[in-house]
Amino acid sequence: MSLKAVIVDVDGTLADTEEAHRQAFNDTFRQFELPWRWDASLYRQLLAVTGGRERIRHYCVEYFPAFLEMPDAEGIIDFLHAQKTRRYAQIVTRGLAPRPGVVRLLRQLRDEGVRLAIATTTSRANVGTLLGTCLGALGADAFEAIGAGEDAAAKKPAPDIYRRVLEQLALPPEDCLAIEDSPNGLLAAHAAGLPVLVTECPWTAGEDFSEAVAVLSDLGEPDRPHRVIRSSLEGIGYVDATSLRRWHVAWRVALMGLAP
Ligand code: XBP
Ligand code: MG
């Protein structure tokens, strides 16, 4: 019954990275004189498609179908996405703050022996860049397993990447808990059988998170409480290891049909 591992998403959960992604996409389109500009409103819609390469292709289907008629269109999209990834690394290495409570909670979980892992649709290169610059001493070695975009044929909301990470941890989903920021991420973890805590990010605030065990503005800090959007449990203003264990037990009890 105990919580053995916490699997965290990357973009929007560890840090608010999507503005950096959006800037990297636009800088790349400008670099190659493509008349494409993804403003915040359009980008929020495009985020429904996970995977940056898939997002570019989806944008072409919707807005520039003629682009896909070029014989080497797929190769050009690969090239643009690789360029975007290089630009994203430049932007992120300027420094990006982790979201509230992320470093505190991950450190506490690690110190208390709760195993940590990552399940994301972004590329392994982007994960390495972010972990190397954003989480301080809590780098990649704090995570026992890292499932990235290249590791699953189907990206979120498909459960594949969570199932892949569970295999690497050799744990059943019911011994774990996921932390996500988006409907796609919630659906992926839920479909893989995990309870999911959602911390909304600016790009996903107000979305439908019905399957989550709780929905918060962020993980909070003792001196900077989070906002509770929905939770069946009374909290302390921020998420600590005990908070996660309480959600996890309540979810397991409900799963067994024992809840009143
Ligand atoms: C978020 C995504 C990623 C990023 C862009 O990943 O969907 O596609 O938006 O990164 P998650 P790439 O929330 O699962 O961490 O261009 O590398 O895909
Ligand atoms: Mg995310």
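Summed over the range 50-85, the residues that are over 21 Å from Ala154 (Cα atoms) and in contact with a Lys or Arg (Cβ under 8 Å, 6 or more places away or on another chain) give a count of 1.
Every condition in (1) under 26 Å from the mean Cα position of the chain (by Cα); (2) over 30 Å from Asp223 (Cβ atoms) holds for Pro65 except the one numbered (1).
Within the range 60-74, the set of residues being out of contact with any helix residue (DSSP H, G or I) (no Cβ under 6 Å at 6 or more places or on another chain) and either within 16 Å of ligand 1 (Cβ to nearest atom) or not aliphatic (A, V, I, L, M) (or both) comprises Glu62, Tyr63, Phe64, Pro65, Glu69, Pro71, Asp72, Glu74. Highlighted here are the strands (runs of 3 or more DSSP E) found entirely within the range 196-260 that include at least 1 residues which are hydrophobic (A, V, I, L, M, F, W, C), in contact (Cβ under 8 Å) with a residue 40 or more places away in the chain and touching a Phe, Trp or Tyr at 6+ places or on another chain (Cβ under 9 Å): 196-199. Go through the range 9-51 and report how many residues are more than 13 Å from Thr121 (Cβ to Cβ) and either assigned to a helix (DSSP H, G or I) or near ligand 1 (Cβ under 9 Å from one of its atoms) (or both). Going through the range 9-51 one residue at a time, the tally reaches 20.
For Pro260, the conditions (1) farther than 22 Å from Gly12 by Cα; (2) modelled with pLDDT of 95 or more; (3) not hydrophobic (A, V, I, L, M, F, W, C) all hold with the exception of (2). When Leu169 is tested against (1) under 18 Å from Gly12 (Cα atoms); (2) away from ligand 1 (no atom under 14 Å from the Cβ); (3) in contact (Cβ under 8 Å) with a residue 60 or more places away in the chain, only condition (1) is not met. Residues in the range 208-239 that are of a type in the set (Asp, Glu) and crowded, with 19+ Cβ neighbours inside 10 Å: Asp218 only. Filtered by the rule that a residue be free of Cβ contacts under 8 Å to residues at least 60 places away in the same chain and in a helix (DSSP H, G or I), the range 52-64 gives Arg53, Arg55, Ile56, Arg57, His58, Tyr59, Cys60, Val61, Glu62, Tyr63. Within the range 132-170, can you find the residues that are under 22 Å from Val92 (Cβ atoms) and under 13 Å from the mean Cα position of the chain (by Cα)? Scanning the range 132-170 gives Ile146, Gly147, Ala148, Gly149, Lys155, Lys156, Ile161.
The values are calculated or read from the model by the stated rules, or taken from the named source; none is laboratory data. As the structure is a computational prediction, the values presented were derived from the model and not from experiment. Neighbour counts run over all protein chains shown; Cβ positions are idealised from the backbone, glycine included.
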